[in-house]
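Everything below concerns the one structure shown next.
What follows is calculated from the coordinates using simple rules that are stated; it is not laboratory data. Because the structure is a prediction, the values reported are computed rather than measured. Note: ideal-geometry Cβ built from the backbone for every residue, glycine included; neighbour counts use all protein chains shown.
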Amino acid sequence: MNYIVSALIGMAAMSVGLLLTNKYSMMISPRIGMWITQVISVIVIYSWIRIVNDRFTPVLKTGWAGIGYAVLAGLFIAIGLLGLAEAFGKGGPGNVVIPIWGSMIIWSSILTTVLLGGSMTVLKGIGIGAAFLGIVLVSIG
């Protein structure tokens, strides 16, 4: 269950990060702001790799397919972050932009189930439907 604690920490940090992204997009170019945030992200992630003593060498020897997926993920995540920055830069209010952008969680859950064989129960399906409905209501309300 320790993965739930990690997920909760990530959720809390992303929530604050999105609030700050909305704020800086009103003050500076959202593209420059996103670049700054990603440079900081790289520094923090690299530092964490060093702190937990994770090794790059075994990955480079055996994980080329994983590295390829990581590169593709990075490209799609960059596009997603730029879409977020552009939406804020065009004056989109955070209480509309963030729920729409955040619906990636719903789509990721569906794609994981369909393409990677993740489990889907009736309760999970109801939860996904309720989350989607909530995003629609928050965005149009």
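Side notes on the structure shown:
- Residue in segment 73-85 that is in contact with a Ser or Thr (Cβ under 9 Å, 6 or more places away or on another chain) and aromatic (Phe, Trp, Tyr) present: no
- Verdict on Leu72 being part of a helix (DSSP H, G or I), out of contact with any Gly (no Cβ under 6 Å at 6 or more places or on another chain) and either among the aromatic types (Phe, Trp, Tyr) or surrounded by 12 or more Cβ atoms within 10 Å (Cβ to Cβ) (or both): no
- Cross-chain or 6+ apart pairs with Cβ under 8 Å, segment 65-89 first and at negative phi, then basic (Lys, Arg) and in a helix (DSSP H, G or I): Leu82/Arg31; Ala85/Arg31; Glu86/Arg31; Gly89/Arg31
- Only one of the listed residues (Ile106, Ile45, Ile36, Ile100) is surrounded by fewer than 11 Cβ atoms within 10 Å (Cβ to Cβ) and closer than 20 Å to Ser15 by Cβ. That residue is Ile45.
- Total residues in segment 1-18, condition among the aliphatic types (A, V, I, L, M) and surrounded by 12 or more Cβ atoms within 10 Å (Cβ to Cβ): 2
- Test: residue in segment 41-58 that is within 13 Å of the chain's Cα centre (by Cα) and of a type outside the set (Lys, Arg): yes
- Residues in segment 1-14 include none that are closer than 24 Å to Ile140 by Cβ and small (Gly, Ala, Ser).
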